[in-house]
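Peer 1: Below are the structure tokens for one structure; questions will follow.
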């Protein structure tokens, strides 16, 4: 069952504005199942999020999602992907930004732009080990500080180690 | 003897040759104990809601004398482990149990407390009896209030068979057992 | 000994923390300096577990997320899977889903008012709320066999049809509801102690609320009428007339008023859905082994606690590659320190109650 119709022209407009601002930091776009995904270079994410919030009305950060593409990702893919789900409530528009990072490669924290990112980034750090630079207090949110490993990585066993 | 965690009253169910007066005293003491459990108000997850529903007006745990949920373990004698015990919560559950004075009983309510339930994962303790000894297991996900009451009645029957006077009047040092 | 900068620990074993939540509170006598929630005591590894289960197998586990409103999780999950797999749900099933979800909202809010009032000291309202809720739990038990964790939806629709007997029971439960809400409101609305402990307590401005990602009744109490049922309607919600209650108070009292009004609006929706229930199937034809081609989807619904979202990434197999739940309570809890600033220690339980959090949803 699908939602109401996605306002494609309005989304395209927002995408065009973002591409104009971000330039070659936009690595690709995809539109499927009524949802727009914009792939960005990791260092351009914070500027894009701030731009979308200040000038395009995407004032709500719905969620940040971490993905593990596998310990040996395919050629050209990096290990982790971090997704940012942004929402423009006045226009009822959703946009998903995606940034790929390699193991050990940090991402800039967007807590300064959206306070709601605070615990979401801690959760991604806890479950995947992705480091967010500039986060005021980056530590595990669910597991004990002494816990070893990052459970949502594909090479971490379901029942845990030992 | 049993593990250092087990209370001294465990293992007193079968007793040969107890004096007549002491058995009568046992019956009186266990009658008082089983009709006035004071549960520790410790709900961990979904089962806690059914525990509260059991204490509410329709299922009325007060008819069993158990409506007095205590917030402090020092005043409780029944630890109903209602919900999933995670590895992070396990030391706290153990400490709460140790803080309860004797005699005390433990009920594992729900599948998670019995064996980890539907969560065979890295963070869930597969059964609370890995850290504390359990007297009654009540299965269900969650058990209905009728199920919990059945578990409580089973616990009452278990308590009725113990012999508290054996613990009270023991002559030798308990620690040498 | 000085009482300045005393660090106190509330929880994880505490009668009023609504589950295993730990609050590290720094106080100066009674005034709160800082409050830091520590979560994770109920982290069950659900997201990892979901990656090793098939899509239908995941449905009963979603009940255990927000366990006070289990059907809301089933609903959000089913809609996300159907969006990803391109499954059309029959109209009758959509209406039945709305009925179940709104009945669940009513019972969730009745449980909430019980807990909130109990924390503040009005213990009778706990008994009233839970007793009123029992009628609705009976309906769920008659429908799907469970009182709390219900598994009341399937991918493609609902497991059973509503027969005339069950519809009569639902109408009877709704008929008794207005009197019961009025009873609770008579006890609380103009009660001096209630007002003293809830008015002006836990204030959060509208701008801060949006910035902190707050959703649900707390956001609506700040005056912002965000409600996914109206904003991006799903499952035929656009067919029903209902209001989205808001206040401009943005304190504990305002959140209480919003939730009591939401109960009335939910009853309104259910009555309309029952009156206009269309004929048809109660479930679409879905393959027994559901394999979803590669893709990703993010779908949100309006759960009783706030905006509930599911992100699912499929990879052509019968199990998800990654499934994440956007938990409203997880995000709402972040604004607790902000709401408590300048308050006194005894305000914490009232404010925490007004956030209406569920640890199963926060910790997954």
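Laboratory data are not the source of any read-out in this text; all were calculated from the coordinates shown. Computed from a prediction, not measured in an experiment: that's the story for all the values here. Because the Cβ atoms are built from the backbone with ideal geometry, glycine has one as well, and the counts that use them run over all protein chains shown.
Peer 1: With a Förster radius of 51 Å, plug the Cβ-Cβ distance of residue C:277 and residue A:27 into 1/(1 + (r/R0)^6) and report the FRET value to the nearest 0.05. If you can, show how the numbers build up before the last one.
Peer 2: Numbers: r = 49 Å, r/R0 = 0.96.
Efficiency at R0 = 51 Å is approximately 0.55.
Peer 1: With a ≥ b ≥ c the root eigenvalues of the C-alpha gyration tensor of chain B, is it rounded (a/c under 1.5), prolate (a/b larger than b/c) or oblate?
Peer 2: Numbers: a/c = 2.13, a/b = 1.41, b/c = 1.51.
Because a/c hits 1.5 or more and a/b fails to exceed b/c, chain B counts as oblate.
Peer 1: Then there is this: Would you calculate, for the protein assembly as shown, the mean residue ellipticity at 222 nm contributed by helices, counting each DSSP H stretch of 4 or more residues as -39,500 (n - 2.57) and dividing by all residues, to the nearest 500? Display every interim value, and only then the final one.
Peer 2: Details: 24 runs with 276 residues, N = 703.
Helix contribution divided over all residues of the protein assembly as shown: -12000 deg cm²/dmol.
Peer 1: Still on this structure: Enter the Cα centre distance for the pair region C:127-176 and region C:195-221, rounded to the nearest angstrom.
Peer 2: The distance from the Cα centre of region C:127-176 to that of region C:195-221 comes to 31 Å.
Peer 1: In addition: In degrees from 0 to 90, rounded to the nearest 10, what is the angle of the helix A:45-55 Cα long axis to the longest principal axis of chain A?
Peer 2: Once rounded, one gets 40 degrees.
Peer 1: Let me ask you something else. Given an 8 Å cut-off on Cα distances and at least 6 residues of separation, report the relative contact order of region C:223-324 as a percent.
Peer 2: Numbers: 105 pairs, mean separation 21.4, N = 102.
It rounds to 21 percent for region C:223-324.
Peer 1: Taking only Cα atoms and a 10 Å spring cutoff, compute GNM fluctuations for chain B and point out the largest among B:76, B:56, B:160.
Peer 2: B:56
Peer 1: Which FRET efficiency value, to the nearest 0.05, is calculated for residue B:32 and residue B:98 with the Förster distance at 22 angstrom and r the Cβ-Cβ distance?
Peer 2: Details: r = 24 Å, r/R0 = 1.10.
For residue B:32 and residue B:98, the calculated efficiency is 0.35.
Peer 1: Further question: Report the FRET efficiency, 1/(1 + (r/R0)^6), for residue C:230 and residue C:8, where r is their Cβ-Cβ distance and R0 is 41 Å, rounded to 0.05.
Peer 2: On the way: r = 42 Å, r/R0 = 1.02.
About 0.50, to the nearest 0.05.
Peer 1: Angle, helix A:117-128 long axis vs. longest principal axis of chain A, Cα atoms, 0 to 90°, nearest 10?
Peer 2: For A:117-128 against chain A, the angle is about 50 degrees.
Peer 1: Once the Cα atoms of helix C:70-85 and of chain C are each reduced to a long axis, what angle between those two axes, in degrees from 0 to 90 to the nearest 10, is obtained?
Peer 2: Roughly 50 degrees, rounded to the nearest 10.
Peer 1: Continuing with the same structure: Between C:38, C:125, C:25, where does the largest GNM mean-square fluctuation fall for chain C, given springs only between Cα atoms within less than 10 Å?
Peer 2: For chain C, modelled as a Gaussian network with Cα springs under 10 Å, the answer is C:38.
Peer 1: Pick from B:110, B:147, B:83: which residue has the top mean-square fluctuation in a GNM of chain B where Cα pairs under 10 Å get a spring?
Peer 2: Taking springs between Cα atoms under 10 Å, the residue moving most is B:147.
Peer 1: State, as an integer percentage, the relative contact order of region C:18-69 based on alpha-carbon contacts under 8 Å between residues 6 or more apart. Let's see the in-between values first.
Peer 2: On the way: 32 pairs, mean separation 12.7, N = 52.
Normalised by residue count, the contact order of region C:18-69 is 24 percent.
Peer 1: Using Cα pairs under 8 angstrom and six or more residues apart, how large is the relative contact order of region A:8-133, in percent?
Peer 2: 23 percent
Peer 1: Which whole number gives the average, over all residues in C:307-314, of C-beta atoms from other chains lying within 10 Å of the residue C-beta? If you can, show how the numbers build up before the last one.
Peer 2: Details: counts 4, 0, 5, 1, 7, 0, 4, 0.
Mean number of neighbouring Cβ atoms from other chains: 3.
Peer 1: Quick check: residue separation of residue C:141 and residue C:190 times 0.36 nm, minus the Cα distance between them. What number comes out in nm? Walk me through the numbers before you get to the answer.
Peer 2: Working: separation 49, 0.36 × 49 = 17.64 nm, distance 3.56 nm.
Length gained, residue C:141 through residue C:190: 14.1 nm.
Peer 1: In peptide C:122-135, how many Cβ atoms from other protein chains are near each Cβ within 10 Å, on average?
Peer 2: 3
Peer 1: Could you give the distance between the Cα centres of region C:285-364 and region B:37-101, to the whole Å?
Peer 2: Between the Cα centre of region C:285-364 and that of region B:37-101, the gap is 27 Å.
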